[in-house]
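Trainee: First, the structure itself, so that you have it in front of you.
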Amino acid sequence: MARIVMLMVMLLSGTATSQLPEFSQQYRQRLGGAIDALEEILADFRRDAAEHGLTPVEAIARQKASGDPFIRSRGESMVEAEIRLSRLKLQQEELLTAGPVQRMVVFARGFDPQLAKATAEDYEPAVPVTIAGFTSAGVGAFAGFLIMRLLTGFARLGRRRRSV
């Protein structure tokens, strides 16, 4: 019975982790879209600032100094958009240069919470037919095996202590 349970846990954990490469691929697609959208927003802001004879830095400073809380808030939003854009571009570059398995590490190390949440909401599972998918499934199955071995070891240890 324990072997059947162990096999089931290994299959479940392997199946779950086999989806990591597909999830990170769908995340990368959203990443490109988010970068495009932020670049467009910031380009519009720069254009508006230039039309009024301001640099983007001067326009943001003016917004932050405004007595209107909404205008101040928009200045902070522009700063946050610039920071997020540079962070997303850096992650995109890391993902482009990483190998298939390394992409999962890059994703896990610094994913954007908003993008990850949106990806999870629209995520569509896929059959893992890539090296990364098989590797991920194998790691998950092995992790399930180790967890089950630890649990059965603790159970045996508990039985031995009670019988002594």
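The values are calculated or read from the model by the stated rules, or taken from the named source; none is laboratory data. Since the model is a prediction, treat every value here as computed from it, not as a measurement. Don't worry about glycine lacking a Cβ; one is built from the backbone with ideal geometry, like all the others, and counts go over all protein chains shown. Only protein heavy atoms, including side chains, enter the accessible area calculation; ligands, DNA and RNA are left aside. Shrake-Rupley method; radii C 1.70, N 1.55, O 1.52, S 1.80 Å.
Trainee: Using a 1.4 angstrom probe, figure out how much accessible area the chain has per residue, in square angstrom, rounded to the nearest whole.
Mentor: Accessible area per residue, the chain: 67 Å².
Trainee: Would you work out the charge dipole size for the chain about its Cα centre, treating the Cβ of every Lys and Arg as +1 and the Cβ of every Asp and Glu as -1, and quote it to the nearest 20 debye?
Mentor: 1720
Trainee: Please state the relative contact order of the range 34-80 as a whole percent: Cα pairs under 8 Å, 6+ residues apart?
Mentor: 25
Trainee: Any idea which of L7, A59, Y27 is furthest toward the positive side of the dipole for the range 1-87, if Lys and Arg beta-carbons carry +1 and Asp and Glu beta-carbons -1?
Mentor: L7
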